[in-house]
Amino acid sequence: MKINMYSETWEVFVRNIVWLRKHFNLSKKKMSEILGIDISTLVEIEKGSMPNEVTVDILFKAENYFGIPIKDLISRFIYDE
């Protein structure tokens, strides 16, 4: 599956990342540490951009930290539960 910043998969992932950060009351600094990225990269992601620094590693890190399978992070809005 190819993900680009215009795909529904990317939109779902972005919205889930924003929701998780806010739901768990995490600062952008803490969330960027969890995902292994710079704060500036997180800000770009939350705005819907896909920075060059984004790799599949952030999916694994989000899955491990929050206990949410990658398939759910990219395929459905987790806050609709």
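The values are calculated or read from the model by the stated rules, or taken from the named source; none is laboratory data. What you see is a predicted model; the values in this text were computed from it and never measured. FYI the Cβ positions are ideal-geometry reconstructions off the backbone, even for glycines, and counts take in every protein chain you see.
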In this structure, does residue 18 turn out to be of a type in the set (A, V, I, L, M), modelled with pLDDT of 95 or more, in a helix (DSSP H, G or I) and surrounded by 14 or more Cβ atoms within 10 Å (Cβ to Cβ)? yes
Among the numbered criteria (1) at pLDDT 95 or above; (2) surrounded by fewer than 17 Cβ atoms within 10 Å (Cβ to Cβ), which single criterion is violated by residue 42? (2)
If I filter region 24-39 down to residues being surrounded by fewer than 17 Cβ atoms within 10 Å (Cβ to Cβ) and in contact with a helix residue (DSSP H, G or I) (Cβ under 7 Å, 6 or more places away or on another chain), which single residue comes out as farthest from residue 79 (Cα to Cα)? 38
Output the qualifying pairs, or none if there are none: Cβ atoms under 9 angstrom, residues six or more apart or on different chains, first residue in region 23-38 and without any contact (Cβ under 8 Å) to a residue 12 or more places away in the chain and under 16 Å from residue 55 (Cβ atoms), second residue in a loop (DSSP other than H, G, I, E, B) and not hydrophobic (A, V, I, L, M, F, W, C). 32/38
Members of region 52-81 found to be under 15 Å from residue 32 (Cα atoms), surrounded by 15 or more Cβ atoms within 10 Å (Cβ to Cβ) and at pLDDT below 90, listed by number: 54
